[in-house]
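Before any comments, here is the structure.
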Amino acid sequence: MTGTARDSANLVAPREPRSWIGVRLVGSVRGLALIGVALAEAGLILALVSEVSLSVFVYPVLLIPPTLLAVRRLANVTRRLAGQWCGVRIPQPYRQYREPDPEAGAWCRFRQACGQLITEPATWRDLLWMTADPLLIWVLALLPFAVIGWGLEGVLMPAIWSPIVHAGGTYWYAFIPVNNEGTALLCLPLGLVFIALGVWITPLCLRWYGQAAYSMLSPSKEAALEQKVAQLSESRAEVVDTGAAEIRRIERDLHDGAQARLVAMGMTLSAAEQLLDQNPAAARALLLEARDASAKALTELRDLVRGIHPPVLADRGIGEAVRALAIDSPLRIRVTNELTGRPPAPVESATYFAVCELLANVSKHADARQVWIDLRYERGLLRVDVGDDGQGGADPSGGSGLRGIERRLSAFDGILAISSPPGGPTVATLELPCELSSPKTSSF
């Protein structure tokens, strides 16, 4: 697949394990990974404090802008992980960063960079988060392990109670006074309860962590409004350009195809009219030629209409339209449709042509043996995954195909996300906010 994917959504969250224990184990590993991020945040805060405290020597001051940029990048890592691991999406709150003028002096470039970073409200929210996160993560990440460890102590209590009691007398395990073998055995079921509790709260702790990050790293109301206005302005301009390009394509196809055939057919009919009395056989041949031209013109018009809005899409919805694509494609495609209703017609159309473009890219570039398409509706979003087992390594900045898909989706606040590690698999995810209508009330 080729194209340009949106910077804020160029990765797809990995598929979550479906088993109960698998979700908890993966959550535990992610909690430990977030501890590493928190340690990096603490290092950046210490570096920034050192640079400010040594600013009297001038040279450390020059390190402040790069450090603040590193703070921004690490905060974006936290935002991405909060969306992928904690299920809490955090939009980027920054204004567009302008690189300092390379022709200006070093001091001027320094002032420009510092001015942009320091006057950015989100910078201070990032610094506040990085100050609190190293303290918060230890609680949320280690709490499940502490509860599990306490549970393991209870499970092992029948084997270890004797030396403990002889060394210090009665030992209290939670609310159980351990002083003999009977009370030690009572600790075993309680320990199992604690282990189950620790495993159960692991995803909750990740969720709490994501919500805490959202409270500090999300855009303020003013910044969110500015971003929405800028996004709508960009989306409107792209939709206008896309619509104009589509109209030009339709005009060109009509002019070069059906219109040319209709003009030729009119000339043929005029010639047949002139020959009708003098040479009926020649007139009959011309009429047969005109009939063939009309059939070809009708076929071209049907193909053109199908390219604008396929009949199967209008009649049976996006799920069946994608199945029809899979049947007509030379690729081996598995389609899973979990939609219980139909999205609005414009959303269906945008999704259909986006899937068409993705399948075309797979056919051209992926060298895939198997392709899968999953359609489902989650949390107010129509989500379509198009994956293949090809060679991977798709470069989102290598062409215009994905950029065209993004233009289609941006009109509906939709996003395109690409995951394509070298060697595959490649997964493209479309997400469009919409409401599903009841199948009984869908328009056909």
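FYI, it's all coordinate maths here, none of it is from the lab. Values in this document were obtained by computation on a predicted structure and should not be read as measured data. No Cβ is skipped: glycine too gets one built from the backbone with ideal geometry, and neighbour counts run over all protein chains shown.
Give me D for segment 311-433 in µm² s⁻¹, whole number, from Stokes-Einstein with Rh from the Kirkwood sum over alpha-carbon pairs, 4 °C and 1.567 mPa s.
It comes out at roughly 90 µm²/s.
Ordering 325, 136 by the number of other Cβ atoms within 10 Å of each residue's own Cβ, fewest first, gives 136, 325.
Summing Lys and Arg as +1 and Asp and Glu as -1 over all other residues whose Cβ lies under 12 Å from the Cβ of residue 209 gives a net charge of +1. For segment 40-48, backbone phi angles converted through the Karplus equation (6.51, -1.76, 1.60; θ = phi - 60°) give residue-by-residue couplings of 5, 5, 4, x, 5, 5, 5, 5, 5 Hz, Gly and Pro being listed as x. Within the shell defined by Cβ-Cβ distances under 14 Å, the residues around residue 132 carry a net charge of -2, with Lys and Arg each +1 and Asp and Glu each -1.
Under 14 Å from the Cβ of residue 226, count the other residues' Cβ atoms, weight Lys and Arg +1, Asp and Glu -1, and hand me the total.
On the way: positive: 95, 221, 228; negative: 120, 222, 234.
Net of charged neighbours comes to 0.
Relative protection proxy for 179-190, 365-376, 272-283, from highest mean packing down: 365-376, 179-190, 272-283 (other beta-carbon atoms within 10 angstrom). Taking Cα centroids, how far is segment 30-55 from segment 127-200 in Å? That distance is 31 Å. Each residue in 108, 356 was given a count of other beta-carbon atoms within 10 angstrom of its own, and listing them fewest first yields 108, 356. Coupling constants for segment 202-217 follow from the phi torsions by the Karplus curve (6.51 cos²θ - 1.76 cosθ + 1.60, θ = phi - 60°), and in residue order they are 4, x, 5, 5, 5, 5, 4, 5, x, 5, 5, 5, 4, 5, 10, 9 Hz; glycine and proline get x.
Amide H contacts of residue 332 (H built 1.01 Å from N, in plane; Pro and chain starts excluded): 371 sit under 5 Å, all sequence-distant by 5 or more or on other chains. Between residue 277 and residue 337, full extension at 0.36 nm per residue minus the direct alpha carbon distance yields a gain of 15.4 nm. For segment 74-80, putting each phi into the Karplus relation 6.51 cos²θ - 1.76 cosθ + 1.60 with θ = phi - 60° gives couplings of 5, 5, 5, 4, 5, 4, 5 Hz, in residue order, rounded to whole numbers and with x for Gly and Pro. Extension gain for residue 294 to residue 153 (0.36 nm times residue separation, less C-alpha to C-alpha distance): 42.2 nm. If you take the Cα centroid of segment 207-225 and the Cα centroid of segment 307-369, the two points sit 36 Å apart.
Residues 71, 229, 335, arranged from fewest to most other Cβ atoms within 10 angstrom of their Cβ, appear as 229, 335, 71. Take each peptide in 206-212, 383-389, count the other Cβ atoms within 10 Å of every residue, and average; sorted highest first, the result is 383-389, 206-212.
Peptides 286-293, 137-144 ordered by packing proxy, namely the average of other Cβ atoms within 10 Å per residue, highest first: 137-144, 286-293.
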